[in-house]
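FYI, it's all coordinate maths here, none of it is from the lab. Just so it is clear, the structure is predicted and the values come from calculations on it, not from any experiment.
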Ligand code: GUN
């Protein structure tokens, strides 16, 4: 039987409708929540992401603003902008769009990210946010892993007692994803580029989360029949086609449920970002 398709676009639309309702309640209490994106440089992919974030925010009634800086901006200028945003009571959520331009050193980039006030860290990238997640306490959860958990819940799939294999150990997807699955009572294995015999590990998985950025790395014969597959990858082939980290057509023959690319995990990231902006605004009002 071909796999159930987990429709991220449809679930994201539901999340955004919930966000719109929360925004209406916040407006009734005096003010729409505000999100400010700091965008430096002219990376075309970043420009597209940021436009999509602005549009989605506006559609939910969130005040979305982008501060744009040229590619040769220095770290001190960005730092001063972040300090102003941290102090601005109209701004509930702040994010620094990554990657920063090549002129900003890795050390400066890390320092800039950490300049965001923890209560406005709607990306959930700060050590405080990640630490709270590890401790199982309320905080901001990074948007892509949060989106994956929402997709599982919507599809009626509980991680409890399941073996989940996360492929990828990034700070913004792999590691927080593993924490969320663990908190949901899954037994979790994190794999990466040095994992020997990756196919054998994946074959033991009831739930697979692929987040490595390698086009169609995961093949159908790596999957346990009936597995649930969440594909976080977005890769462009030389022919210009978008593909995930999983070979979709093969996975459909083996898995119980699969997310497509595009239209799976991707739309959930922005929806969960907007949700985090609501959480930030509600916390400031003492109602979350
Ligand atoms: N660049 C690509 N995705 C993201 C994201 O989710 N947040 C930030 N800050 N930068 C990104």
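Once the mean 1/r over all distinct Cα pairs of segment 130-288 is inverted, what Kirkwood radius in angstroms do you read off?
15.9
Provide, for q = 0.16, 0.21, 0.23 Å⁻¹, the log10 of I(q)/I(0) from a solvent-free Debye sum over equal Cα point scatterers in segment 6-92.
-0.76, -1.05, -1.13
Report the percentage of all Cα-Cα pairs in the chain whose separation exceeds 26 Å, rounded to a whole percent.
44
For segment 110-157, build the convex hull from the C-alpha positions and give me its volume per residue in Å³.
Output value, Cα hull per residue: 76 Å³.
What shape does segment 75-164 have by the C-alpha gyration tensor, where a ≥ b ≥ c are the square roots of the eigenvalues, rounded means a/c under 1.5, and otherwise prolate means a/b greater than b/c and oblate the rest? Present the calculation step by step, with values, prior to reporting the outcome.
Values: a/c = 2.59, a/b = 2.03, b/c = 1.28.
Prolate, since a/c reaches 1.5 and a/b exceeds b/c.
Per 0.36 nm of contour for each residue apart, how much would the distance between residue 106 and residue 86 grow if the chain were fully extended, relative to their Cα-Cα spacing? Display every interim value, and only then the final one.
Details: separation 20, 0.36 × 20 = 7.20 nm, distance 2.21 nm.
Answer, rounded to one decimal: 5.0 nm.
Determine the relative contact order of segment 10-92: mean sequence separation of Cα pairs under 8 Å and six or more apart, normalised by residue count, in whole percent.
35 percent.
Between segment 195-264 and segment 70-115, what is the separation of their alpha carbon centroids in Å?
Computed from Cα coordinates, the inter-centre distance equals 34 Å.
Using a 10 angstrom cutoff on alpha carbons, build the Gaussian network for the chain and name the most mobile of 231, 88, 185.
Top of the fluctuation ranking is 88.
Compute the semi-axes of the equivalent ellipsoid of segment 192-262, taking the square root of 5 times each eigenvalue of the Cα gyration tensor, and list them largest first in whole Å.
Taking √(5λ) for each Cα gyration eigenvalue gives 19, 15, 9 Å.
Counting only helical runs of four or more DSSP H residues, what would the 222 nm mean residue ellipticity of the chain come to if each run contributes -39,500 (n - 2.57) and the total is spread over all its residues?
-13000 deg cm²/dmol
Specify the angular offset, from 0 to 90 degrees and rounded to the nearest 10, of the alpha carbon long axis of helix 143-154 from the longest principal axis of the alpha carbons in the chain.
50
Principal axes first, then extents: for the Cα atoms of segment 1-152, list largest minus smallest coordinate on each axis, whole Å, largest first.
Cα spread of segment 1-152 along its principal axes, largest to smallest: 52, 45, 35 Å.
Out of every Cα-Cα pair in segment 235-279, what percent are more than 13 Å apart?
Above the 13 Å cut-off, segment 235-279 has 63 percent of its Cα pairs.
Where does helix 75-87 land angle-wise versus the long Cα axis of the chain, in degrees 0 to 90, nearest 10?
Relative to the chain, helix 75-87 is tipped by roughly 80 degrees.
From the square roots a ≥ b ≥ c of the eigenvalues of the alpha-carbon gyration tensor of segment 181-233, which class results: rounded (a/c under 1.5), prolate (a/b over b/c), or oblate?
Because its axes are fairly even, with a/c under 1.5, segment 181-233 counts as rounded.
Determine the relative contact order of segment 97-176: mean sequence separation of Cα pairs under 8 Å and six or more apart, normalised by residue count, in whole percent.
23
When only C-alpha pairs under 8 Å and at least 6 residues apart count, what is the relative contact order of the chain, in percent?
Reported as a whole number, the value is 22 percent.
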